[in-house]
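Read through the structure below, which is laid out as structure tokens, and then see the notes.
The values are calculated or read from the model by the stated rules, or taken from the named source; none is laboratory data. All figures in this text were calculated on a predicted structure; none of them were measured in a lab. In this analysis, Cβ positions are derived from the backbone assuming ideal geometry, glycine residues included, and neighbour counts consider all displayed protein chains. Keep in mind that these areas ignore ligands, DNA and RNA; they rest on the heavy atoms of the full protein, side chains included. Shrake-Rupley method; radii C 1.70, N 1.55, O 1.52, S 1.80 Å.
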Amino acid sequence: MADSDDSKPSDQLRERVPRSSRWVWVVLDADRQAVAAGVLAVLFCSMVAVGTLLPTPAYELLTDGDPHETLFDALVAATITGVTLVLTLSQLVLSQELGAAGDQRERMEGALSFREDAAAAAGMDVAPAEPSAFLRGLVEATREQANALADAAPDGEAGAAVDAYVDNLTENARVVANQLDGAQFGEFDVVWAALNYNYSWKMYAGERLRADHGDALDEDADAALDDLLDTLALFGPAREHFKTLYFQWELSDLSRTLLYAAVPALGVAIVSLLFLDPAAYPRSTFGVNHALLVVSAAVTVTVLPFALLLSYILRIVTITKRTLSIGPFVLRETERSGDVD
């Protein structure tokens, strides 16, 4: 029994994530520095709003003892420790690229072998060097092989099942191929497009198609289905490889960005700890005390490295969660009616 359309997960990652489209845009699609800026804006506005709405005036709280000194003392230590730790972890991840000549040669041979297998499966003379073009070639190959399967499909129930399978695959392949066209590696576009090609479900559906209607498929249709499943199986490790490279790219970018952000953040924290006196700002504007504004602004700048870290890691862990499995394993909750005979 074939899988029903209702049990099939959406091809688009945005629709497979059980969150609103705005949340998905913030977590995955939005510029990381813009997300960090949004986090800082929320923090600043929250501090000002809470400090203004408290029954006790913020000026009295800030000048009663030294709460700001305690806060910035902790932030100085946290900034130094946190940035150092993150940079160390990033370097550990990036150190995987280092190795002896023999190890590098094995990596090269593995990469060349995989490129040859991909070119042979996709019917290409030479596999493209650019990641987006390489993935696009595999996606286009699956669309051509699916059309060959449809041409060789039998009549009756088996033919209808093949047509439904091919229609879904070719439409998804067309959309993803357009997204990959001209996409530049280093940007999120390549990984985003690759995640939108739901190859694992297509492998599962293809295997179910053979299990349910294999007796009705002739030699040409069976061979076309074999070619299609082989190419889909190659798309999985190709996507994982480029996803890993993208993570390394992001971690390198994160390390550099944190270094840039840590200097002003640490400088503001130290200056605030040594020289900031909230008692020197007794006035208010529109009911908002100036001391509250100054302290909130200083805190916002000081936590800049952590806002950047949050924005980058949020995307990385979200992608990792959605791609934990490789091959025809679906970790999301679905109703697979085809599993029941």
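Comparison of LEU304, LEU308 shows that the only residue that is modelled with pLDDT of 90 or more, under 22 Å from PRO67 (Cα atoms) and surrounded by 15 or more Cβ atoms within 10 Å (Cβ to Cβ) is LEU304. May I ask you to verify whether ALA211 is open to solvent by less than 30 Å² (accessible area, probe 1.4 Å) and small (Gly, Ala, Ser)? It is false that ALA211 is open to solvent by less than 30 Å² (accessible area, probe 1.4 Å) and small (Gly, Ala, Ser).
When the residues of the stretch 251-267 are filtered to those that are of a type outside the set (A, V, I, L, M) and free of Cβ contacts under 8 Å to residues at least 24 places away in the same chain, the one that is most open to solvent (accessible area, probe 1.4 Å) is TYR260. Could you say whether any residue in the stretch 189-198 is out of contact with any helix residue (DSSP H, G or I) (no Cβ under 6 Å at 6 or more places or on another chain) and open to solvent by 60 Å² or more (accessible area, probe 1.4 Å)? Yes, the stretch 189-198 contains a residue that is out of contact with any helix residue (DSSP H, G or I) (no Cβ under 6 Å at 6 or more places or on another chain) and open to solvent by 60 Å² or more (accessible area, probe 1.4 Å).
Every test in (1) open to solvent by 50 Å² or more (accessible area, probe 1.4 Å); (2) in contact with an Asp or Glu (Cβ under 7 Å, 6 or more places away or on another chain) is passed by ALA183 save one, and that test is (1).
Here ARG22 fits the description: within 36 Å of the chain's Cα centre (by Cα), exposed (fewer than 12 other Cβ atoms within 10 Å of the Cβ) and either within 26 Å of LYS243 (Cα to Cα) or in contact (Cβ under 8 Å) with a residue 40 or more places away in the chain (or both).
Taking LEU75, is it over 28 Å from the mean Cα position of the chain (by Cα) and at pLDDT 85 or above? For LEU75, the condition - over 28 Å from the mean Cα position of the chain (by Cα) and at pLDDT 85 or above - is met.
TYR165 fulfils the conditions (1) crowded, with 19+ Cβ neighbours inside 10 Å; (2) in contact with an Asp or Glu (Cβ under 6 Å, 6 or more places away or on another chain); (3) of a type outside the set (S, T, N, Q) except for a single criterion, (2).
Restricting attention to the stretch 119-162, the residues being under 26 Å from the mean Cα position of the chain (by Cα), open to solvent by less than 80 Å² (accessible area, probe 1.4 Å) and more than 14 Å from LEU228 (Cβ to Cβ) number 9. For the stretch 50-65, a residue qualifies if it is within 22 Å of VAL268 (Cα to Cα), open to solvent by less than 70 Å² (accessible area, probe 1.4 Å) and either aromatic (Phe, Trp, Tyr) or without any contact (Cβ under 8 Å) to a residue 24 or more places away in the chain (or both), and the qualifying residues are TYR59, GLY65. Among the residues making up the stretch 220-240, those that are surrounded by fewer than 23 Cβ atoms within 10 Å (Cβ to Cβ), among the hydrophobic types (A, V, I, L, M, F, W, C) and under 12 Å from MET203 (Cβ atoms) are LEU229, ALA233, LEU234.
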